[in-house]
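To start, the structure under review is shown below, and the notes come after it.
The values are calculated or read from the model by the stated rules, or taken from the named source; none is laboratory data. Bear in mind the structure is a predicted one, so any value in this text is a computation, not a measurement. Cβ atoms come from the backbone with ideal geometry, glycine included; neighbour counts cover every protein chain shown.
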Amino acid sequence: MTGTLHLVPTPLGNPEDITLRALRVLREVDLVAAEDTRVTAVLLRAHDIRTPLVSYHDHNEVARAAELVERIRGGANVALVSDAGTPLVNDPGWRVVRACIDAGLAIDVLPGACAAIVGLAGAGLPVDRFYFGGFLPRDEGPRREALAELAGLHATLIFYESPVRLGATLDTIAALWPARAVCVARNLTKAYEQWIRGTAQDARATLGDETRGEVVLLVGGAPEGPTIAPDALDAAIARLSDEGLGARDIASQLAAATGLPRREVYQRALALSRSGPPRT
Ligand code: SAM
């Protein structure tokens, strides 16, 4: 008889956030595959669980996934955990899940703590549709592009962000979408949990020079319907034209800021240019 791969969430910060089922599974399985065995050893010790540990991380994932599949095929029950929260969510794990599916082996997914979902629940933003973007690119140009691609999405945007880059990311959002609601959910379930709600500029001001902690960043989605009134679009085109931008650059900038199709803005800029600026 073959075994099962159990995906087991662990606490994000508050040690009480582990389920009875998670503890039972960690106790009963033959092996726990952990992102960092030292971190998981502390958790297991706290609950007097003596199951053997093996590492499963970004650098050994391919080889380890194959080994684990063989163990499970041979009858072993294996639990996969990450350092905190739900394994696979911006953490290693999807390869072993895929490999088990391909091998016809059973997978048992336990529900539990996940920073993105805790942030979403408390942000005060619509939750009927959301987009999880993981970590944004580190550099300003690619980060701005990645955000601009999401400008038209009618869904709450969720990102994981390093506290060191949070200020710069808020600046990018403030420039792109000055009016959108933002929530910085910091140190969730920990002693210094903090929720900052407002615009990106408000959040920047509240944070000041703070560069510590763990952060989920949430941004309100594009409003339903036109994101900019026709008069305001014409005024924005005129302003960018006065700054010396051509129709192509104007279209790129305003499409990113409003979520309007680039082609639509480009054609409007061209139409306006017939009676004077902008330049093409
Ligand atoms: N698998 C985890 C989960 O289920 O949330 C996420 C792992 S990801 C490598 C780590 C990132 O999650 C952190 O950089 C931070 O953005 C976010 N995160 C983890 N714990 C958090 C917490 N207690 N408060 C806020 N964000 C947290």
| message | Anything in segment 132-148 that is among the charged types (D, E, K, R), away from the ligand (no atom under 16 Å from the Cβ) and assigned to a helix (DSSP H, G or I)? List them, or say none. | response | Glu140, Arg144, Glu145
| task | Look at Val54 and say whether it is modelled with pLDDT of 95 or more, crowded, with 21+ Cβ neighbours inside 10 Å, part of a strand (DSSP E or B) and of a type in the set (Val, Ile, Thr). | result | no
| task | Give the residues of segment 109-131 that are within 11 Å of the ligand (Cβ to nearest atom), farther than 10 Å from Leu218 by Cβ and outside any loop (DSSP other than H, G, I, E, B), sorted by residue number. | result | Ala115, Ile117, Val118
| request: Mind listing whichever residues of segment 186-231 are modelled with pLDDT of 95 or more and on the phi > 0 side of the Ramachandran plot? | output: Asn187, Thr189, Gly198, Gly213
| task | Count, please, the residues in segment 153-178 that happen to be surrounded by fewer than 17 Cβ atoms within 10 Å (Cβ to Cβ), in a loop (DSSP other than H, G, I, E, B) and more than 18 Å from the chain's Cα centre (by Cα). | result | 1
| query | Only one residue in Ala79, Ala34 is of a type outside the set (Asp, Glu), within 14 Å of the ligand (Cβ to nearest atom), buried (at least 21 other Cβ atoms within 10 Å of the Cβ) and within 27 Å of the chain's Cα centre (by Cα). Which one? | reply | Ala34
| request: Show the residue pairs that are 6+ apart or on different chains and have beta-carbon atoms under 9 Å apart, the first residue being within segment 2-26 and closer than 20 Å to Leu53 by Cβ and part of a loop (DSSP other than H, G, I, E, B), the second being of a type in the set (D, E, K, R) and within 13 Å of the ligand (Cβ to nearest atom). | output: Pro9/Asp17; Pro11/Asp17
